[in-house]
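Worksheet: one structure, shown below.
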Amino acid sequence: MAYEVTKIKYGIAPIGWRNDDIPEIGKENTYKQILSDAKLVGYEGTEVGGCYPTDPKELNKELALRGMRIAAQWFSGYLIRDGLEKSKEEFTKHCDFLKAVGADVAVYSEQTKSIQGMTDVCVYTEKPIYSEEEFKILADGLNILGEIANERGLKLCYHHHMGTGIQTFEETKKLMELTDPNKVYLLYDTGHIYVSDKEYMPLLENFKDRIGHVHFKDVRPNKLEEAEKNNMSFLNSFLHGIFTVPGDGHINYQEVYDYLVDMGYEGWIVVEAEQDPKIANPLEYAIKGFNYMQSLRKFK
């Protein structure tokens, strides 16, 4: 007996060990520890976290020692606020680094007016809303940045995210319709779309031809209900425990995984869960997520 044959790659985000939005969380965990833990568990690679080196040679050496790969790295974009020229310069540097470390994806999130990093603003009621003009600026800019990524063998994958102007299904749909499908892809994040819209399959089903990267992040409904009731910020919500690794929350990942396999998805599935590492032991939850992921795979 063997697992079904797919080209899906399995990775994990460093965010379980170190959180870039709250640097003091998990600061005792080094990038070498993250890579070693991920390798020990069985993941093929990780995304790049804020604690990773910016020198490709240093990172490549540590990756080679462990037989690991880099899947992607987040990019905080400000096309609407700062304009195209500044964004092109910064995004080009980002993509040059990712190419040098053998990554596949440049994750883009527009952070103009974002409240995701604020601690005193309710993420459930105060998210920014983009105007028609702002949507056009973003879409036109993304098409150009997507070319920069393509030239370096990367996919620009847009991350719909809580607390930003592109969060809901409808906002993501509008952006996808305004952008070139050959230049701008979608990062499908189960946790963010569930928290936003209380459902997760419509986004996958409607944009299966645009999906270039996937985050498997589960949600604890009881914690989410408490966070919403208490008007929590995004940061305080994840500290409260709304997110966890797949298989530890509400989302039916067998349904999601089977759909990805059936549609011929060939990219990364990255386990991701913003949690406090002092409460949720990073290695323990990495193992829990990996074992659950393996349980989704069918035998032939």
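The values are calculated or read from the model by the stated rules, or taken from the named source; none is laboratory data. Just so it is clear, the model here is predicted, and its values are computed rather than measured. Cβ sites come from the backbone with ideal geometry, for glycine too, and all protein chains shown count toward neighbours. The area values use the complete protein model at the heavy-atom level, side chains included, leaving out ligands, DNA and RNA. Shrake-Rupley method; radii C 1.70, N 1.55, O 1.52, S 1.80 Å.
See the values below:
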{"item": "Matching option when the condition is in contact (Cβ under 8 Å) with a residue 24 or more places away in the chain, surrounded by fewer than 23 Cβ atoms within 10 Å (Cβ to Cβ) and in a loop (DSSP other than H, G, I, E, B), among Asn231, Asn236", "result": "Asn231"}
{"item": "Residue match in region 144-160 (condition: under 26 Å from Glu226 (Cβ atoms), touching a residue at least 24 places away in the same chain (Cβ under 8 Å), open to solvent by 10 Å² or more (accessible area, probe 1.4 Å) and part of a loop (DSSP other than H, G, I, E, B))", "result": "no"}
{"item": "Residue within region 52-69 that is more than 30 Å from Tyr130 (Cβ to Cβ), at pLDDT 95 or above, assigned to a loop (DSSP other than H, G, I, E, B) and within 18 Å of the chain's Cα centre (by Cα) present", "result": "yes"}
{"item": "Residue in region 30-50 that is part of a loop (DSSP other than H, G, I, E, B) and crowded, with 19+ Cβ neighbours inside 10 Å present", "result": "yes"}
{"item": "Every residue from region 122-134 that is surrounded by fewer than 19 Cβ atoms within 10 Å (Cβ to Cβ) and in a loop (DSSP other than H, G, I, E, B)", "result": "Thr125, Glu126, Pro128, Ile129, Ser131"}
{"item": "Residue match in region 205-225 (condition: among the basic types (Lys, Arg), open to solvent by 50 Å² or more (accessible area, probe 1.4 Å) and either within 26 Å of Lys9 (Cβ to Cβ) or touching a residue at least 12 places away in the same chain (Cβ under 8 Å) (or both))", "result": "yes"}
{"item": "Residue that is farthest from Asp189 (Cα to Cα) [pool: residues in region 96-109 that are buried (at least 23 other Cβ atoms within 10 Å of the Cβ) and over 13 Å from the mean Cα position of the chain (by Cα)]", "result": "Leu98"}
